Amino acid sequence: QVHLVESGGGLVQTGGSLRLSCAASGVVFSINTMGWYRQAPGKQRELVAMATNGGITNYADSVKGRFTISRDNARNTVYLQMNTLKPEDTAVYYCNYRDVKLGYWGQGTQVTVSS
């Protein structure tokens, strides 16, 4: 069992920045992928960014150049630095952890970008 605790969401104006954090605890395998998804009202959940423990990253086209995902493997923590935020980035952001056996979701944190 893996427990994910997210933090860092909030309200920001267009062009602003936020940093999300997600800490994993429990039975965390050393080989894993952690990332962020988001879900806006009336839309499907979509990948924002992901990073493997080995440093491989992947981003949605809509956030490339604005968001940066990073990890602290010693702390089993993943971060999402979000810059130049736009109103269309408004969503609930969910942390995701998966390893060779199972996947887990965080409870979600709201990000609201006002125009």
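Here the Karplus relation 6.51 cos²θ - 1.76 cosθ + 1.60, evaluated at θ = phi - 60°, turns the backbone of the stretch 70-82 into coupling constants of 8, 9, 10, 5, 5, 9, 6, 10, 10, 10, 10, 8, 10 Hz, with x for every Gly and Pro. Each residue, S17 and V5, gets one label point 7 Å from its Cα in the Cβ direction; the gap between the two is 2.5 nm. Given their separation in residues at 0.36 nm each and the Cα-Cα distance between them, L47 and T112 gain 21.7 nm when the chain is fully extended. Under a 1.4 Å probe, what is the accessible area of the stretch 1-51 per residue, stated in Å²? That works out to 54 Å² per residue.
Computed across the chain, the Kirkwood hydrodynamic radius from all distinct Cα-Cα pairs reaches 14.0 Å.
Rounded to the nearest percent, how much of the accessible area of the stretch 37-95 (1.4 Å probe, protein heavy atoms only) is carbon and sulfur? Of all accessible area on the stretch 37-95, carbon and sulfur atoms account for 46 percent.
Going 7 Å from the Cα of R98 in the Cα-to-Cβ direction, what parts of the stretch 29-49 have a backbone nitrogen less than 14 Å from that spot? Zone members listed by number: 32-38, 45-49.
The values are calculated or read from the model by the stated rules, or taken from the named source; none is laboratory data. Just so you know, these numbers come straight off a predicted model, no measurement behind them. As a convention, Cβ positions derive from the backbone with ideal geometry for all residues, glycine included, and neighbour counts pool all protein chains shown. Ligands, DNA and RNA are excluded from the accessible area calculation, which covers all protein heavy atoms including side chains. Shrake-Rupley method; radii C 1.70, N 1.55, O 1.52, S 1.80 Å.
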